[in-house]
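**Q** Can you read through this structure? Questions will come right after.
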Amino acid sequence: MDEWTDDILDRAYAQATSYEEKALFEAVKQSIRETDKRLEQAEGQLDGMAWDKEGWE
């Protein structure tokens with residue numbers, strides 16, 4: 001997650017007045033982290049496949 005997004009969500013969390021709002025912002029942050037992780041894994045898989053000339057067909 002980039003710093004800008006993290007900062008916006010942290011400020012929104014700090015200004016939240018209910019448990020539900022705070023839970024939502026935490027869930028959004030977790031979702032973004034998980035998406036970033038999966039994207040990084042997919043990029044690594046793609047890079048590995050590109051270097052494996054045996055698998056080129």
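The values are calculated or read from the model by the stated rules, or taken from the named source; none is laboratory data. This one's a predicted model, so the numbers in the text were calculated from it and none came from an experiment. Cβ sites come from the backbone with ideal geometry, for glycine too, and all protein chains shown count toward neighbours. What goes into the accessible areas is simple: the full protein's heavy atoms, side chains included, and nothing from ligands, DNA or RNA. Shrake-Rupley method; radii C 1.70, N 1.55, O 1.52, S 1.80 Å.
**Q** Taking the alpha-carbon distance from Lys37 and a cut-off under 24 Å, which lysines remain once sequence neighbours fewer than 8 residues away in the same chain are dropped?
**A** Of all the lysines, those that pass the test against Lys37 - Cα under 24 Å, at least 8 places apart if same chain - are Lys22, Lys29.
**Q** Give, as a single signed number, the net charge of other residues whose beta carbon lies under 12 Å from the beta carbon of Thr5, with Lys and Arg counted +1 and Asp and Glu -1.
**A** Summing Lys and Arg as +1 and Asp and Glu as -1 gives -3.
**Q** Also, I was wondering about something else. Kindly express, to the nearest 10 degrees and within the range 0 to 90, the angle between helix 19-51's C-alpha long axis and the longest C-alpha principal axis of the chain.
**A** Roughly 10 degrees between the two axes.
**Q** With the full set of protein chains in place, find how many percent of the accessible area of the chain is carbon and sulfur; take the probe as 1.4 Å.
**A** It is 55 percent, rounded to a whole number.
**Q** Next question. If I fit a long axis through the Cα atoms of helix 3-15 and take the longest principal axis of the Cα atoms of the chain, what angle between them do I get, 0 to 90°, rounded to 10?
**A** With rounding to tens, the tilt is 30 degrees.
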